[in-house]
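One structure is given here, and the rest of the page talks about it.
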Amino acid sequence: MDVKIIEVETKAEIKSKISLVKKNKSKLPSMTDGWRFNFSKHSKVKDYKTYILTTENTPEIIEGSLIINTNTPHQAYMAYVEIAPHNKGNTKKYDRVAGCLIAFACRQSFINDKEGYLAFDVLEEKKEDEIKLMKLYSQKYRAVRLNDSTTMIILPNGSEKLINEFLK
């Protein structure tokens, strides 16, 4: 799927693509590359699909990655989403990478008859980091927390808004 991310320095829209990764067919980001998750390892789980976001100009560089499961009973499940280390902090190269990936996961929920429901868990080593991240997901990506758990869900209305904001 074609998307546009923003180059922070120039504010230019950059043509990009979210692509399905075929199992064992390409090198995926890992902790040895400075990422928090080992996408190579996690992509091998049955029923999970791995996607990467790359730019048109540098398709060999992964800007973000997503692993989702759409074979769940009631909603799609976003197991992992992460942006490249060079897209974090004050010196990040691109913006909107996470938004595009999360909106894409929401779209997959609609496509796979889950009505736009997207669930995920926020698990951090420190409780204050979990709270901070849940607040970000709530404010920026319209997620709601289920009870007092670390599980969050994006409801169909929120999914539609994310799709319109990040994928159109």
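The values are calculated or read from the model by the stated rules, or taken from the named source; none is laboratory data. Keep in mind the model is a prediction, meaning the values are calculated, not measured. Cβ: placed from backbone, ideal geometry, glycine included. Neighbour counts: every protein chain shown. We work out accessible area using only protein heavy atoms, side chains counted, and drop any ligands, DNA or RNA first. Shrake-Rupley method; radii C 1.70, N 1.55, O 1.52, S 1.80 Å.
Got a sec? What order do LYS11, LYS49 fall in by accessible area at 1.4 Å, biggest, i.e. largest, first?
Largest to smallest exposure gives the sequence LYS11, LYS49.
Report, please, the projected area of region 94-168 averaged over directions, based on the convex hull of its C-alpha atoms, in nm².
For region 94-168, the mean projected area of the Cα convex hull comes to 5.3 nm².
State the percent of C-alpha pairs, over all pairs in region 1-153, separated by a distance greater than 25 angstrom.
Cα-Cα pairs of region 1-153 separated by over 25 Å account for 28 percent.
Once you have a ≥ b ≥ c as the square roots of the Cα gyration tensor eigenvalues for region 9-79, tell me rounded if a/c is under 1.5, and otherwise prolate or oblate according to whether a/b is larger than b/c.
Because a/c hits 1.5 or more and a/b exceeds b/c, region 9-79 counts as prolate.
Accessible area of region 55-168 with a 1.4 Å probe: how many percent of it is carbon plus sulfur?
48
Once each part is reduced to its C-alpha centroid, what is the distance from region 30-68 to region 81-97 in angstrom?
14
Helix-derived [θ] at 222 nm for the chain: sum -39500 (n - 2.57) over DSSP H runs of at least 4, divide by residue count, nearest 500?
It lands at -8000 deg cm²/dmol.
Accessible area per residue for region 44-168 in Å², computed with a 1.4 Å probe and the full protein assembly in place, what is it?
Here the per-residue accessible area is 53 Å².
Cα to Cα, under 17 Å, and not fewer than 8 places away if on the same chain: which aspartates and glutamates meet these conditions relative to LYS161?
Within the straight-line cut-off, LYS161 pairs with GLU115.
What pairs in LYS49/LYS93; LYS41/LYS140; LYS41/LYS93; LYS41/LYS92; LYS4/LYS88; LYS15/LYS93 have C-alpha atoms more than 19 Å from each other?
In this structure, LYS49/LYS93; LYS41/LYS140; LYS41/LYS93; LYS41/LYS92 exceed 19 Å between Cα atoms.
Around ALA79, which amide H atoms from residues at least 5 apart in sequence, or from another chain, sit under 5 Å from its own amide H, with H modelled in the peptide plane?
Correct list: ILE67, ILE68, ASN69.
Roughly how many Å² of SER26 are accessible to a 1.4 Å probe, to the nearest 10?
60
Lys and Arg at +1, Asp and Glu at -1: add these up for the other residues within a Cβ distance under 13 Å of ARG36 and post the number.
Every neighbour counted, the sum reads -3.
Do you know the relative contact order of the chain, to the nearest whole percent, from alpha carbon pairs under 8 angstrom that are 6+ apart?
18
Using Cα-only point scatterers and the Debye equation, what is log10 of I(q)/I(0) for region 129-168 at each q in 0.26, 0.29, 0.31 Å⁻¹, rounded to two decimals?
Log10 I(q)/I(0), no solvent term: -0.85, -0.96, -1.03.
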